[in-house]
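All of the numbers you see were taken from the coordinates with simple rules; none came from a lab. Keep in mind it's a predicted model, so treat the numbers as computed, not measured. Note that we place each Cβ from the backbone using ideal geometry, even for glycine, and neighbour counts take in every protein chain shown.
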Amino acid sequence: MSQAVRIALVAAKGGPAEAARDRLATRYETVKPEEADVIVALGGDGFMLQTLHRHMHRNLPIYGMNQGTVGFLMNEYSEEDLPARVGQAVATTLHPLRMKVQSESGGEREALAINEVSLLRQTRQAAKLRISVDGRVRVDELICDGALLSTPAGSTAYNLSAHGPILPLSAGALALTPISAFRPRRWRGALLSRAAQVKFEVLDNFKRPVSATADAYEVRDVVEVEITEERAIALRLLFDPGHDLEERILAEQFMP
């Protein structure tokens, strides 16, 4: 990528991100996002996910700089040599999950998830889920607060908090992780091929309603959720050399 690349700046609303955008805009020539070759996103991981979703079908590389809290998907913030940093950045390609949902009303919806698709109970009563993988029932009845299917990029987020495994990007795997499972007690989840087709069926859905969420997109009162990896969509994140996402995921496994 040449240093003459057309850069667009986008920032999370409020606080330091917008101030950083204004400083960079006075220092470098920038264009509107629809005219850009690359987008520089200023904020935290939540804003990076929003930016990826907003530009998902444009095949634009996105270079993030941390102006948020965690910044796992972001580079270190610096105002020096921005075009050169973008030009030298290493691309990481991600494929989202496609969630297909059937609700109690009979409606069908679809959404894409970069981190994970999660199912959660909506009331005080535990959910009851049946889980099938590639057309074969693997868990006949999971009594739980919920369950999720995570990508490698999302494996250090909600999945890790639910005691799921951290997945290297090159592993070619997805993490199927229960959330506060009551029965079966000893089932801690499974590692699946990225080509797997996963189906959740909500049992006793009127008494034990369940919602399904793809990143920030939620559907309530679901009865069935099917999930596959969407290989036709490729998202490109840019990272400084030596600090790419693969390295960050590896390092996360050795954190105290």
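In what order do 225, 31, 10 fall by count of nearby beta-carbon atoms within 10 Å, going from fewest to most? Don't jump to the answer; show the numbers that get you there.
On the way: 225 25, 31 12, 10 20.
Starting with the residue having the fewest Cβ neighbours, the order is 31, 10, 225.
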C-alpha long axis of helix 45-54 to longest principal axis of the chain, angle in °: 90 degrees
Alpha-carbon centroid distance for the pair the stretch 79-157 / the stretch 37-73, whole angstrom: 18 Å
Set of lysines with alpha-carbon distance to residue 100 below 30 Å, sequence-local pairs under 8 removed: 128, 199, 207
Charge dipole (the chain, unit charges on Cβ, about Cα centre) - positive-most of 28, 155, 78: 155
Check: the stretch 97-229 dipole with +1 on Lys, Arg Cβ and -1 on Asp, Glu Cβ, in debye: 520 debye
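Which of rounded, prolate, oblate describes the chain, given a ≥ b ≥ c as roots of the alpha-carbon gyration tensor eigenvalues and a/c under 1.5 marking rounded, otherwise prolate only if a/b is larger than b/c?
Numbers: a/c = 2.29, a/b = 2.00, b/c = 1.15.
Since a/c reaches 1.5 and a/b is larger than b/c, the shape of the chain is classed as prolate.
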Positive-end residue, the chain charge dipole about Cα centroid, Cβ charges, pick of 94, 210, 125: 125
Radius 13 Å from Cβ of residue 202, net charge of other residues (Lys, Arg +1; Asp, Glu -1): 0
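Just round it to a whole percent: the fraction of Cα-Cα distances in the stretch 75-119 exceeding 12 Å. Mind showing how you got there, number by number?
Working: 734 of 990 pairs.
More than 12 Å apart: 74 percent of the Cα pairs in the stretch 75-119.
Which value, in Å to one decimal place, does the Kirkwood hydrodynamic radius take for the stretch 97-229 when every pair of different Cα atoms is included? Can you show the working numbers first?
Details: mean 1/r = 0.0699 Å⁻¹.
Kirkwood radius, the stretch 97-229: 14.3 Å.
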Considering only the chain, percent of DSSP beta bridges that pair antiparallel, nearest 5: 80 percent
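Using Cα pairs closer than 8 Å and at least 6 residues apart in sequence, work out the relative contact order for the stretch 97-229, in percent.
On the way: 346 pairs, mean separation 44.0, N = 133.
Relative contact order for the stretch 97-229 comes out at 33 percent.
Mean residue ellipticity at 222 nm from the helices of the chain, using -39,500 (n - 2.57) per DSSP H segment of n ≥ 4 over the full residue count, to the nearest 500 deg cm²/dmol?
-4500 deg cm²/dmol
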Peptides 141-148, 178-185 ordered by average Cβ neighbours within 10 Å, highest first: 141-148, 178-185
Alpha-carbon Rg with Dmax, taken over the stretch 1-151, Å: 19.9, 59
C-alpha long axis of helix 15-27 to longest principal axis of the chain, angle in °: 30 degrees
